[in-house]
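For reference, the structure discussed in these notes is given below.
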Amino acid sequence: MPLLVTESPRQRRGWRRAGARVAESLATPLVPADYLDLFVPLRRGAELRARVVDVLPETRDAATLLLKPGADWVGHQPGQYIRIGVDVDGVRHWRAYSLTHGPRADGLISITVKAVPDGKVSPYLVHQTKPGTLLHLEQAAGDFVLPERPGPLLFVTAGSGVTPVIGMLRNLFPVSDDAGVFVPSRSRDLDIVVVHVAPTEPDSIFLSHLKTLDAAGAIRLVARYDDVHGVLDVDDLPTLVPDLDARATYACGPSGLLDALSTHHEAKNLPLFIEQFRVAYVEAGDGGTVQFSSNDTSIDVDGSTPILDAAEAAGVLMPSGCRMGICFGCVLPMREGAVRDLRNGEITTATGDPVMIQTCISAAAGACHLDH
């Protein structure tokens, strides 16, 4: 009769540890996790990434990227944004983009990107990214979301500012090629007007989708094109939307439009919720020399250029995110010196203890020394 030899749990743990050590030695200078990143990059426990499933053109300079997020993705609310990390020419850049779908049955997420002239990331995403590309990803963030039971709504969008709103609308009113617009029971009593502004009709992102929702009676669309109607004057809103006073306004677009809406609605004591993609900068002040402690690099920065932009142009690898002062992905400690907030002109100084500054909206206001 053969002798049965069994291992104790302690022995089995020892064999596993030994196997791990062998694997580590064979993998040097890489570790097994590095090889798993090559073959199973979206696995649970890995650095969060997303794989590009498809790139769908929207206009001549905008495209939707359909993404499969990693297993640790926790989901999002319609209207929120994500930060995407893209390696371009050996440098990792982070940008923030609104999600343009609500939660999907297939688990995919989507962003819609408009290529910015002379941009580093958006032209790459729109014109060069292919299915299969891996992008770095952070969990969704942002509070530009609807309440659970919204009353009458007005969406005011301009250009790519339609992206968070289309995510909300797709969640409220799913659209399919076969069945058209589906109105769930939770959305049947909603009263929504969308004032959508674009330079021209061909440049209007998601216009066909908005028209489909309008034709189905899900929304009332008021489309405005600068080449036809001129630039939107917010004082005309009561004419375009006669019951404006009865609606909560959600707006996303250029800072000029949002500033005008804020002034208009504040004067009339109307509710307004905004999502801002770009920062309106005040008049420039004096610049200065910025020194980075990590590599003793020093750069001269004028008073109108964000430190983040100037540093990247000089080849300094910088942390970044939304680039508009919202996500705090660009924050660095300033040991000493002074910077100027380009949004409002406020000066922040450090003379002893380090002070945290946002490099995407701060310009040098004299010599300053950053820990980086």
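Taking a straight Cα-Cα cut-off under 19 Å and skipping sequence neighbours fewer than 8 places away in the same chain, the lysines within cross-link reach of residue 120 are 130. Considering only 157, 200, 239, the Gaussian network model of the chain with Cα springs below 10 Å gives its largest mean-square fluctuation to 239. Estimate the FRET efficiency between residue 74 and residue 293 by the formula 1/(1 + (r/R0)^6), using the beta-carbon distance for r and 30 Å for R0, to the nearest 0.05. After rounding to 0.05, the efficiency reads 0.30. Label separation (residue 304 vs residue 54): 4.4 nm, computed from points 7 Å beyond Cα along the C-beta direction.
How about the stretch 44-79: which trypsin sites (Lys or Arg not before Pro) there are in a DSSP loop, with at most 15 other Cβ atoms within 10 Å of their Cβ? Sites meeting the loop and neighbour criteria: 44, 60.
Put a dot 7 Å past the Cα of residue 267, heading toward its Cβ, do the same for residue 106, and the two dots end up 4.8 nm apart.
Taking a straight line from the alpha carbon of residue 211, these lysines sit under 21 Å away, with near neighbours fewer than eight places off in the same chain left out: 114. Based on the alpha-carbon gyration tensor of the stretch 288-370 and its eigenvalue square roots a ≥ b ≥ c, which shape applies: rounded if a/c is under 1.5, prolate if not and a/b is larger than b/c, or oblate? Rounded is the answer for the stretch 288-370, as its axis ratio a/c remains below 1.5. I'd like the orientation of helix 9-27 relative to the chain: the angle between its Cα long axis and the longest Cα principal axis, in ° from 0 to 90, rounded to 10. Taking Cα atoms only, the helix is inclined about 70 degrees. Sorted fewest first by neighbouring Cβ atoms within 10 angstrom, 68, 130 come out as 130, 68. Pop the C-beta distance of residue 331 and residue 43 into the FRET formula with R0 = 35 Å and round what comes out to the nearest 0.05. FRET efficiency, residue 331 to residue 43: 0.70. Net length available on complete extension from residue 248 to residue 313 is 19.2 nm, with 0.36 nm assigned per residue and the Cα-Cα distance removed. Compared with the alpha-carbon gap, the fully stretched path from residue 236 to residue 216 is longer by 4.6 nm at 0.36 nm per residue. At an R0 of 41 angstrom, the distance between the Cβ atoms of residue 176 and residue 88 translates into a FRET efficiency of 0.70. The helix-based estimate of mean residue ellipticity at 222 nm for the chain, built from -39,500 (n - 2.57) per DSSP H run of four or more residues and divided by its residue count, is -6500 deg cm²/dmol to the nearest 500. Computed over the chain with a Gaussian network model linking Cα atoms closer than 10 Å, the most mobile of 80, 128, 139 is 128.
Pick out, in residue order, every one of the trypsin sites (Lys or Arg not before Pro) in the stretch 155-236 that is DSSP loop and has at most 11 other C-beta atoms within 10 Å; say none if there are none.
Values: sites: 170, 186, 188, 211, 220, 224; in loops: 188.
Taking the stretch 155-236 and a limit of 11 other Cβ atoms within 10 Å, the loop trypsin sites (Lys or Arg not before Pro) found are 188.
Just checking the listed ones, 217, 329, 159: in the Gaussian network model of the chain with Cα springs under 10 Å, the one fluctuating most is 217. State the antiparallel share, in %, of DSSP beta bridges confined to the chain, rounding to the nearest 5. If we restrict to bridges inside the chain, about 65 percent are antiparallel.
So what is the relative contact order for the chain, in percent, with contacts set as C-alpha pairs under 8 Å and at least six apart? Please report the intermediate quantities before stating the final value.
On the way: 747 pairs, mean separation 44.8, N = 372.
Worked out over the chain, it gives 12 percent.
Restricting things to alpha carbons, find the Rg to Rh ratio for the chain using the Kirkwood radius for Rh. Result for the chain is an Rg/Rh of 1.06.
Within a straight-line Cα-Cα reach of under 17 Å, residue 268 can be paired with the following aspartates and glutamates, leaving aside sequence neighbours fewer than 8 residues apart in one chain: 233, 235, 236, 243, 245, 259.
Every number here is computed from the coordinates shown, using simple stated rules; none is lab data. What you see is a predicted model; the values in this text were computed from it and never measured. With ideal geometry, Cβ positions are generated from the backbone for all residues, glycine too; neighbour counts draw on all protein chains shown.
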